[in-house]
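The values are calculated or read from the model by the stated rules, or taken from the named source; none is laboratory data. All values derive from a computational prediction rather than experimental measurement. Note: ideal-geometry Cβ built from the backbone for every residue, glycine included; neighbour counts use all protein chains shown. Only protein heavy atoms, including side chains, enter the accessible area calculation; ligands, DNA and RNA are left aside. Shrake-Rupley method; radii C 1.70, N 1.55, O 1.52, S 1.80 Å.
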Amino acid sequence: MGNLVRNLRYAARSLQVNPGFAVIAVLTLALGIGANTAIFSVVYTALLRPLPYHEPERLMSLGESREQLPNLQFSQVSYPDYLDWRKQAKSFSSIAVYSGDGFTLRIAEEPKNVFATQVSANFLSTLGVKPLLGRDFIDEDVQTDGLHVAMLSYRFWQSDFGGDKGVVGRVVQVDNMPATIVGVLPRNFEFFNSTPMWVPIHQSGDMITRRSLRWLSVVGRLAPGVTAEQARAEMNSVTARLVAAYPKENGSTIFVMNTLRENFVGQVRPLLLILLGAVGFVLLIACVNVANLLMTRSIGRRKEFAVRVALGASRGNILSQLLTESLLLSALGAALGLAWAQWGVSLLVAAMPEMQLQAMPYLRDAGINLPVLGFLCGVTILTATFFGLAPGLAVARGSVNEALKDETRGGTSTVQARLRRVLVVAEISVALVLLVGAGLLLKSVRALLARDPGFDARNVLTFSVNLPTGSYPTDKDDPSFDTAALHFDKALTERLRAIPGVLDAGQGSSIPASGGGGTVRCLVQGHEAQLGQEDEAQTVTVAERYFSALKIPVLSGRGFNVNDSKKAPGVLLVNKAFANAYLGGANAVGKRIRFTYSDKNPYLEIVGVVADTTAVDLASPLPPVIYSFNDQGPSTFLSYMVRTTGDPAAFVGAARMALRDIDAQLPMIQPQSLEEVAYQSPSVFFRRYPSYLIGSFAVLALALAMIGLYGLISYTVQQRTREIGIRVALGAVSADIFQMVLGEGLRATLLGIAFGVVAGLGLTRLMASVLYGVKPSDWVTFSGVGMVLLVVAVVACAVPARRAMRVDPVVALRYE
């Protein structure tokens, strides 16, 4: 311990002698260590931190899918299937369900749209969570005649109810109906698509009893002593029994299961690991730069070390001293990097779209904690060892006799010179890999946004309205169908179209490329499949002007019109993908379709075929879609597409006033342009987000690499001053000197590019899952990055090369 204290004191005094060196080294390390710590904080929170539930490793996400429809794999289950699972499955101690929903909540005068999660009464107990205030839901709370009770999330309780501990028992208006608040959830409770309100399942008998309607997500807790493999085997047997008992509804259904964490992070895991690898490269370059600085500094300290060895110090003592200095530099860099990491975590989370934060709400809590501090300490020690060991060994192995000679030219050993070149080549190689990775992701984003989505997203304002069922009831079985919901839609559409600058306005049950909508099983007359093997398609309910507002062309037949009323025969439109998938590309107009969720459903005629559009995500295959007419069966969740003459944001106020003129109690939900919707889609996010971060890392890596190259060439010029003077004295011109010095820098750069290309061809293959429309070995990206590196390298080498041109041979020879 005494030696360590002495080494630390000596290291501190040594750094004080050369403060410029210390500042540059500490700042370089702070950037690398801080960036790594920030990324690791997010990675730890998403992938490693235990979920805030009791024994979270025993929680499984359960669902159903269909093998023959890979593009429509929704893992939800029906309520009757859920009840059968609870009765028959012995491998789970508890099975619960949940589903998203939306309400209009009135706390004060201003109505507010609030998203909620419907859950079974045993949902919280399955997770092992107890309310902070009040009670849990009970079986009696699950009713089909409406919503009667609710729970609040901790954040919503604080923001909208002021943290009032007397909130339990308070009655609020939800969809213009009274509901009693029975509890408040704990502060650390977060769940997939975490919402402000939590309510018991309260749907109508139709949704509760239809076995073919899959709308619930399932979470189960493994029974004590039961493994995931045993549970999967039992659930496969349960699913097979249900297929045999209900072939019409459950035919071709397969059971799917995964851990609850994997359900949360499945898509984001590759992204975070790529970012962690990329930022690790930045730290590597930072270490290489500091190692070069230390090596350069150690040259001037050769006599100091030689004297210490001559006085009895061992080479181990010298190496220990140098490693202590490296540890001190690394610790100072870590301390500064910690402050940068705290800011970096906030920036990383703030850059994520709200949709992604809803899917992984616990990312909001990412920050500096004990595991992250442990990672910081580990990185600090490894970093100090890495950049301190190489120059330390080089000095420890140096010749004492040579160092004690009274030389003034400051020469360096061949080993050290080669090591410096190797480190600079490594920097350039890593910078190329990062630049290529960022370039490939940016090309993927451009390819996605350039993909024709089937609709014109320019100058389109989108927003949604959720009609409370208490105020806007629908009765689709009533022959004299004429509801308030339909009147509302027509009135608002006309008001929107009357706004100056609005060209058209249409309405649908979901916004294109937003991921909304569900699927339905159907039979095409004359192409009936076997029971349980029916066709399946995305379903969207639209109003008359939906297609014209989005400029979606009708390819054959006709669109919907005012004659298609409830009293008229039922009609449908399908997209081209539907005709290709289920009719072999034949003309679909005139064909008839029947939805199979009820034996009472009649055949409906296809009156038109429209172009394919992106319904779920820009990168997803275009699915078969069936369009129903809102006039023949209106929705209560309405999404409007308003085409304008200019910036859609400028029309939000007028659209909100139009909504208030019709019903002042209804809030406008998430107004934004259709281009923003597409830009925030998961496929774009999973490429855009890492491309910006890796691009930032790459620019930093490029700057550090060029600083390292500049330092190498500058030091080389200094060491070769006598040689340059002799060359000039013998007749070499300035151009020869410039070419000689520049050539040395370009040789290192070309070697770094060559190694970088080889490494890049291997490493970019790991990114294949997140690339779109571009190959990992895209030669244009590799060539472009190589050219950028060459140009920047020429600039970095030009300054010391010009300095070499001005060497006075008389001064150089006298210097020797």
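Just the residues that are at pLDDT 90 or above and open to solvent by 10 Å² or more (accessible area, probe 1.4 Å), please, taken from segment 96-119.
Scanning segment 96-119 gives a single hit, Tyr98.
Checking Ile694 against (1) of a type outside the set (Ser, Thr, Tyr); (2) surrounded by fewer than 21 Cβ atoms within 10 Å (Cβ to Cβ); (3) modelled with pLDDT of 80 or more, only one condition comes out false. Which one?
So the condition that Ile694 fails would be (2).
Among the numbered criteria (1) open to solvent by less than 60 Å² (accessible area, probe 1.4 Å); (2) at pLDDT 75 or above, which single criterion is violated by Thr721?
If we test Thr721 against (1) open to solvent by less than 60 Å² (accessible area, probe 1.4 Å); (2) at pLDDT 75 or above, just (2) comes out false.
Which one of these does Trp157 not meet: (1) in a loop (DSSP other than H, G, I, E, B); (2) crowded, with 21+ Cβ neighbours inside 10 Å?
So Trp157 meets the others, but not (1).
Which condition does Glu64 not pass, out of (1) charged (D, E, K, R); (2) at pLDDT 80 or above; (3) open to solvent by 20 Å² or more (accessible area, probe 1.4 Å), if it passes all the others?
In the conditions (1) charged (D, E, K, R); (2) at pLDDT 80 or above; (3) open to solvent by 20 Å² or more (accessible area, probe 1.4 Å), Glu64 misses (3) alone.
Could you grab me the full set of residues in segment 634-689 that are over 28 Å from Leu272 (Cα atoms), touching a helix residue (DSSP H, G or I) at 6+ places or on another chain (Cβ under 7 Å) and among the aliphatic types (A, V, I, L, M)?
Leu638, Met641, Val642, Ala655, Ala658, Leu659, Ile662, Leu666, Met668
Output the number of residues of segment 639-664 satisfying the condition of being open to solvent by 40 Å² or more (accessible area, probe 1.4 Å), β-branched (Val, Ile, Thr) and within 19 Å of Ala549 (Cα to Cα).
The number of residues fulfilling the criteria is 1.
On the basis of being more than 30 Å from Ser217 (Cα to Cα) and either at pLDDT 80 or above or not in a helix (DSSP H, G or I) (or both), does Val290 make the cut?
Criteria not met by Val290.
Which is at pLDDT below 85 and either open to solvent by less than 30 Å² (accessible area, probe 1.4 Å) or small (Gly, Ala, Ser) (or both), of Ala491, Ala396, Ala505, Ala498?
Ala396
Taking the criterion of being part of a helix (DSSP H, G or I), touching a helix residue (DSSP H, G or I) at 6+ places or on another chain (Cβ under 7 Å), open to solvent by less than 90 Å² (accessible area, probe 1.4 Å) and at pLDDT 85 or above, would at least one residue in segment 796-816 satisfy it?
No; the residues of segment 796-816 include none that is part of a helix (DSSP H, G or I), touching a helix residue (DSSP H, G or I) at 6+ places or on another chain (Cβ under 7 Å), open to solvent by less than 90 Å² (accessible area, probe 1.4 Å) and at pLDDT 85 or above.
Out of the residues in segment 571-610 meeting the condition of being of a type in the set (S, T, N, Q) and not in a helix (DSSP H, G or I), tell me which one is most open to solvent (accessible area, probe 1.4 Å).
Top of the filtered list is Asn587.
State which residue is modelled with the highest pLDDT when the search covers only segment 739-779 and only residues that are surrounded by 15 or more Cβ atoms within 10 Å (Cβ to Cβ) and of a type in the set (D, E, K, R).
Restricting to residues being surrounded by 15 or more Cβ atoms within 10 Å (Cβ to Cβ) and of a type in the set (D, E, K, R), the top hit is Asp778.
Residues in segment 512-531: is at least one farther than 28 Å from Val243 by Cα, surrounded by 21 or more Cβ atoms within 10 Å (Cβ to Cβ) and at pLDDT 90 or above?
For segment 512-531, residues farther than 28 Å from Val243 by Cα, surrounded by 21 or more Cβ atoms within 10 Å (Cβ to Cβ) and at pLDDT 90 or above: absent.
So, of the residues in segment 160-180 that are under 34 Å from the mean Cα position of the chain (by Cα) and not in a loop (DSSP other than H, G, I, E, B), which turns out to be surrounded by the most Cβ atoms within 10 Å (Cβ to Cβ)?
Going through segment 160-180, the residues under 34 Å from the mean Cα position of the chain (by Cα) turn out to be 160-163, 174-175.
Keeping just the survivors that are not in a loop (DSSP other than H, G, I, E, B) gives 160-161, 174.
Details: Asp160: 16, Phe161: 17, Val174: 23.
Checking each candidate, the answer is Val174.
Here is a list of conditions, (1) modelled with pLDDT under 85; (2) open to solvent by 20 Å² or more (accessible area, probe 1.4 Å); (3) not in a loop (DSSP other than H, G, I, E, B), and Asp475 meets all of them except one; can you say which number that is?
That leaves (3) as the condition not met.
Is it the case, given these coordinates, that Gln665 is in a loop (DSSP other than H, G, I, E, B) and polar (S, T, N, Q)?
Here the answer is yes, as Gln665 does meet what is asked.
Enumerate the pairs (first residue in segment 43-65 and under 14 Å from Phe92 (Cα atoms); second residue anywhere and modelled with pLDDT under 85 and assigned to a helix (DSSP H, G or I)) with beta-carbon separation below 6 Å, excluding pairs fewer than 6 apart on the same chain, so at least 6 apart or on different chains.
Pairs found: Ser61/Asn263.
If you go through segment 621-638 one residue at a time, how many are surrounded by fewer than 20 Cβ atoms within 10 Å (Cβ to Cβ) and among the aromatic types (Phe, Trp, Tyr)?
1
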